[in-house]
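Here's the structure, in structure tokens; my notes come after.
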Amino acid sequence: MILHTSLGDNAFKRSRQLKLLLDKNEIALAGNLKLKIYGTLQCSSGKRMKVQNRVFLNSETEAIEFGYRPCGHCMPVAYKQWKAFNLVNN
């Protein structure tokens with residue numbers, strides 16, 4: 001997991017580092033640190049979150065290991081599966 005704020009001290013530096021990570025396929029998903037939700041990098045909900053709350057993840061497995069749940073907007077199938085599983089097990 002990579003904190004967005006750790007990529008640089010200004011927006012330009014963060015965007016350059018982010019591009020490098022994307023080019024190397026080191027990140028595939030983004031998440032909200034406080035809400036523990038992960039989704040695609042193109043998610044409109046994710047694009048609105050504060051930089052301080054944004055993290056980047058390299059896989060769904062990593063997201064789940066950190067206790068994140070799928071986003072209901074950009075990952076509806078995964079979210080429904082997560083929700084059904086949690087309803088049965090709680």
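Run the accessible area of region 33-90 with a 1.4 Å probe and give the carbon-and-sulfur part as a rounded percent.
Numbers: 2270 of 3970 Å².
Result for region 33-90: 57 percent of the exposed heavy-atom area is carbon or sulfur.
Do the sum for the chain: with -39,500 (n - 2.57) for every DSSP H run of n ≥ 4, divided by all residues, what is the mean residue ellipticity at 222 nm, to the nearest 500 deg cm²/dmol? Could the numbers behind the result be given before it?
Values: 4 runs with 38 residues, N = 90.
-12000 deg cm²/dmol, from helical runs alone.
Here are a few candidate values for percent of Cα pairs over 20 Å apart: (i) 33; (ii) 26; (iii) 73. Which one was actually calculated from the structure I just gave you?
Label (i) holds the value from this structure.
With charges set only on the Cβ (+1 for Lys and Arg, -1 for Asp and Glu), what does the dipole of the chain come to about its Cα centre, in debye to the nearest 20? Don't skip to the answer; put the middle values down first.
Details: 14 positive and 6 negative charges, 84 e Å.
Around 400 debye, computed over the chain.
Indicate the gyration tensor shape class of region 1-42 (rounded, prolate or oblate), computed on the Cα atoms with a ≥ b ≥ c the square roots of the eigenvalues: a/c under 1.5 is rounded; otherwise a/b larger than b/c is prolate and the rest oblate. Mind showing how you got there, number by number?
On the way: a/c = 2.28, a/b = 1.29, b/c = 1.77.
Oblate shape, in that a/c is at least 1.5 and b/c is the bigger or equal ratio.
Answer rounded, prolate or oblate for region 40-90, using the Cα gyration tensor with square roots of eigenvalues a ≥ b ≥ c: rounded when a/c is under 1.5, else prolate when a/b is larger than b/c, else oblate.
Numbers: a/c = 2.14, a/b = 1.60, b/c = 1.34.
Judged from the Cα gyration tensor, region 40-90 comes out prolate (a/c at least 1.5, a/b above b/c).
Roll a 1.4 Å probe over the protein heavy atoms and report the accessible area of MET1 in Å², nearest 10.
80
Between the DSSP loop rule and a limit of at most 14 other Cβ atoms within 10 Å, which chymotrypsin sites (Phe, Trp or Tyr not before Pro) in region 31-90 are left? Provide the component values of the computation, followed by the final result.
Values: sites: TYR38, PHE56, PHE66, TYR68, TYR79, TRP82, PHE85; in loops: PHE66, TYR68.
Loop-located and lightly packed - PHE66.
Return the whole-Å distance between the Cα centroid of region 59-90 and the Cα centroid of region 1-58.
19
Can you compute the modelled spin-label distance between LYS13 and HIS73, with each label point 7 Å from Cα toward Cβ, in nm?
Modelled inter-label distance: 2.9 nm.
Which percentage, to the nearest 5, of the DSSP beta bridges contained in the chain is antiparallel? Intermediate values should be presented prior to the final figure.
Details: 10 of 12 bridges.
The antiparallel fraction comes to roughly 85 percent.
What does the net charge come to around LEU18 if you take all other residues with beta carbon closer than 12 Å to its beta carbon, with K and R at +1 and D and E at -1? Before the final figure, lay out each step's value.
Values: positive: LYS13, ARG14, ARG16, LYS19, LYS24, ARG54; negative: ASP23, GLU26.
Net charge around LEU18: +4.
The values are calculated or read from the model by the stated rules, or taken from the named source; none is laboratory data. Owing to the predicted nature of the structure, the values given are computational and were not obtained by experimental measurement. Using ideal geometry, Cβ is built from the backbone for each residue, glycine included, and neighbour counts are taken over all protein chains shown. Surface areas here come from the heavy atoms of the whole protein model, side chains and all, with no ligands, DNA or RNA. Shrake-Rupley method; radii C 1.70, N 1.55, O 1.52, S 1.80 Å.
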